[in-house]
Amino acid sequence: MKTIVIILLSTVLLAACQTTPPRPEPEPEPQQPPPAVAEPVPCEPQVKEVFTGTDETLLFLANLKQRSQADLKTALYQARKDFTATGAESARMKLILLYLQPGTSFRSEAQAMQLLDPYIRGDVSPLSPYRGIAQLILGNLEESRKTDAAVQVQAVKVREEQKRADELQRKLDALKDVERAMIEKDQKQRKK
């Protein structure tokens, strides 16, 4: 049994001493040359302004305040001519803005409302770029009408209050006259 143990131990020791054959190392991949770096090209952004019809209309509105009455009448004549010839929304908007220009002899909310009628009825395309401007104008006209109505109501109240104040003043004056007459009569009786 000793021999078997010795044989087993020696095989175990011999097995442990055996070295595993070395693994072959992977071959290195061939190196590729680094990519050529191009010189940066100077880039200057080109800004391109987009000028729409609504922009033109808003600029037209902004410039109305600076125009004289004669220039405004000329602009009205030209806008009428353009709208009659083309029926374009931009010409319609210019005409509306001119009719609503305060302090002019040709101001006419009725004419402006007539031109805004397609926007009120919904006959204009929902994608129309002028819908926003039309809605803004309609909102301002509605607020203006409400304000005018409130002012008229207040004017009626003021007139009524003035009538009442005038009536009270007449009654007070009449009472003063009666009092003065009584005082004069009393003084005349004392003198006698």
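The values are calculated or read from the model by the stated rules, or taken from the named source; none is laboratory data. Note that the structure is predicted; figures quoted are calculated from it, not measured. Using ideal geometry, Cβ is built from the backbone for each residue, glycine included, and neighbour counts are taken over all protein chains shown. Each accessible area value is taken on the protein alone, full model and side chains, heavy atoms only, with ligands, DNA and RNA left out. Shrake-Rupley method; radii C 1.70, N 1.55, O 1.52, S 1.80 Å.
Here is how the numbers come out for the structure above:
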item	result
Some residue of segment 80-87 being among the charged types (D, E, K, R), assigned to a helix (DSSP H, G or I), at pLDDT 90 or above and within 19 Å of the chain's Cα centre (by Cα)	no
Close pairs (7 angstrom Cβ cut-off, 6 or more residues apart or separate chains): within 12 Å of Leu97 (Cα to Cα) in segment 71-84, of a type in the set (Phe, Trp, Tyr) and open to solvent by less than 100 Å² (accessible area, probe 1.4 Å) anywhere	Leu76/Phe106
Failed criterion for Ser90 (all others in (1) at pLDDT below 90; (2) open to solvent by 80 Å² or more (accessible area, probe 1.4 Å); (3) in a helix (DSSP H, G or I); (4) not aromatic (Phe, Trp, Tyr) hold)	(2)
Condition check for Gly122: touching a residue at least 60 places away in the same chain (Cβ under 8 Å), open to solvent by less than 60 Å² (accessible area, probe 1.4 Å) and under 43 Å from the mean Cα position of the chain (by Cα)	no
Verdict on Ala112 being closer than 24 Å to Arg67 by Cα, touching a helix residue (DSSP H, G or I) at 6+ places or on another chain (Cβ under 9 Å), small (Gly, Ala, Ser) and open to solvent by less than 100 Å² (accessible area, probe 1.4 Å)	yes
Residues that are of a type in the set (A, V, I, L, M) and farther than 15 Å from Phe60 by Cβ, drawn from segment 84-111	Ala85, Ala110
Test: residue in segment 115-124 that is of a type in the set (A, V, I, L, M), modelled with pLDDT of 90 or more and under 19 Å from Thr54 (Cα atoms)	yes
Verdict on Val156 being part of a helix (DSSP H, G or I) and open to solvent by 80 Å² or more (accessible area, probe 1.4 Å)	no
Condition broken by Pro129, with the remaining ones in (1) part of a loop (DSSP other than H, G, I, E, B); (2) over 22 Å from the mean Cα position of the chain (by Cα) satisfied	(2)
Residue, modelled with the highest pLDDT, within segment 125-138, restricted to residues that are touching a Leu at 6+ places or on another chain (Cβ under 9 Å) and open to solvent by 20 Å² or more (accessible area, probe 1.4 Å)	Leu138
Condition broken by Arg107, with the remaining ones in (1) under 28 Å from the mean Cα position of the chain (by Cα); (2) modelled with pLDDT of 75 or more; (3) open to solvent by 100 Å² or more (accessible area, probe 1.4 Å) satisfied	(3)
